[in-house]
Amino acid sequence: MGKSVVIALGGNAILQPKQEATYDNQFKNVVSATGHMVEIREAGHNIVITHGNGPQVGNIIAQNEAAKNVVEPLPIYVCNAESQGFIGYMMETALKNHMKERGIATNVVTLLTMVEVDRDDQAFKNPTKPIGVFFSEEEAQRLEEQGFVMAEDAGRGYRRVVPSPEPKVIHGIDEIKRLIEETIVISSGGGGIPVYREDSGQLHGIEAVIDKDRSGLKLAQQVNAEVFMMLTDVPNVYINFGKENEQKLSHITVAEAEQYVAEGQFPAGSMLPKMQAAIEFAKLGKESIICSIDQAVAALDGKAGTRITK
């Protein structure tokens with residue numbers, strides 16, 4: 001019997017660091033990534049896909065800034081919606097083409113997804129979510145002088161950072177549950193479009209970008225998935241990464257994972273949010289997997305990647 005799997009793909013897999021941000025480059029990356037996702041479906045698993053949008057939403061915001069004397073810039077949450085539609089289109093097209101080639105009779109649907117947050121979340125006082133492309137230290141200093149908040153990102157350069165509140169509710173869950181057995185669903189792209197609810201019940205957008213791993217966790221919880229899989233550009237999670245005593249993690253318990261987090265083993269801008277989301281999901285008695293895109297099917301069989309269980 002196949003498993004129900006929520007798959008989270010990073011925005012940097014769609015536009016790789018230092019890669020030119022052309023549509024063709026991004027679509028080629030999406031074609032490659034979705035080829036492996038089709039293999040998961042072909043292996044008999046039901047999948048819901050979510051994805052990051054850090055580089056994409058950052059570039060959309062940069063385009064808005066560059067044209068602000070011609071067209072009024074859009075709010076970040078609207079830019080997030082644009083990126084969700086743009087990436088969803090690429091993923092849906094690529095998935096449908098792959099399945100046509102393989103003779104797989106499964107439909108694909110992209111849902112424009114709002115994700116509810118608390119407008120009093122402390123994240124709004126402390127922006128931490130990296131978006132956009134990487135800059136040198138000198139470039140980052142110039143951007144700070146223009147009013148942007150910049151931060152070093154896991155040794156890869158400097159990026160703009162924005163508030164990243166905790167996701168509370170994924171909208172459209174009932175529809176996803178109805179579709180999942182017959183359809184590949186793409187949902188909550190870029191962490192979802194951040195909205196908050198007034199006391200009156202009215203919804204409004206809010207200036208933030210939600211972390212896609214936290215949103216993916218909430219999505220996996222709400223659809224009652226059996227597996228939460230985060231696809232990365234490395235085959236496993238490591239401790240003592242880059243040191244002589246570097247160690248690959250294959251299958252670890254929640255307790256072991258929490259110990260490694262407490263030791264500060266994982267960078268805040270990259271692996272830490274993945275491990276925190278994996279731990280929270282595994283505490284439910286389910287399975288979290290962090291692996292490379294090309295090893296996803298093997299990881300579901302317990303033959304690759306890093307698995308975290310209770």
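The values are calculated or read from the model by the stated rules, or taken from the named source; none is laboratory data. Small disclaimer: the values here were computed from a predicted structure and weren't measured. With ideal geometry, Cβ positions are generated from the backbone for all residues, glycine too; neighbour counts draw on all protein chains shown. Protein only, heavy atoms only, side chains kept; ligands, DNA and RNA dropped before computing areas. Shrake-Rupley method; radii C 1.70, N 1.55, O 1.52, S 1.80 Å.
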(request) Could you please let me know if residue 73 is within 22 Å of residue 112 (Cβ to Cβ) and free of Cβ contacts under 8 Å to residues at least 60 places away in the same chain? (result) yes
(message) Name the residue that is surrounded by the fewest Cβ atoms within 10 Å (Cβ to Cβ), counting only residues in the range 281-306 that are among the hydroxyl-bearing types (Ser, Thr, Tyr) and within 16 Å of the chain's Cα centre (by Cα).
(response) 292
(request) Take the range 1-47 and flag every residue that is open to solvent by 50 Å² or more (accessible area, probe 1.4 Å), under 17 Å from residue 234 (Cα atoms) and in contact with a strand residue (DSSP E or B) (Cβ under 7 Å, 6 or more places away or on another chain). (result) 17
(request) Could you check residue 14 against (1) at pLDDT below 95; (2) over 16 Å from the mean Cα position of the chain (by Cα); (3) of a type in the set (Val, Ile, Thr) and say which number it fails? (result) (2)
(message) Just to confirm my filter: which strands (runs of 3 or more DSSP E) fall fully inside the range 161-223 and include at least 3 residues that are surrounded by fewer than 24 Cβ atoms within 10 Å (Cβ to Cβ)?
(response) 193-197, 203-205
(request) Select from the range 127-145 the residues that are of a type in the set (S, T, N, Q) and surrounded by 11 or more Cβ atoms within 10 Å (Cβ to Cβ) and write down the one among them that is nearest to residue 56 (Cα to Cα). (result) 128
(request) Check whether at least one residue in the range 89-104 is at pLDDT below 95, part of a helix (DSSP H, G or I), under 22 Å from the mean Cα position of the chain (by Cα) and among the aromatic types (Phe, Trp, Tyr), and report yes or no. (result) no
(request) Taking the residues in the range 146-160 that are open to solvent by 50 Å² or more (accessible area, probe 1.4 Å) and part of a strand (DSSP E or B) as candidates, determine which candidate is farthest from residue 66 (Cα to Cα). (result) 152
(request) Please enumerate the residues belonging to the range 38-71 that are part of a helix (DSSP H, G or I) and within 15 Å of residue 108 (Cα to Cα). (result) 38, 39, 40, 41, 42
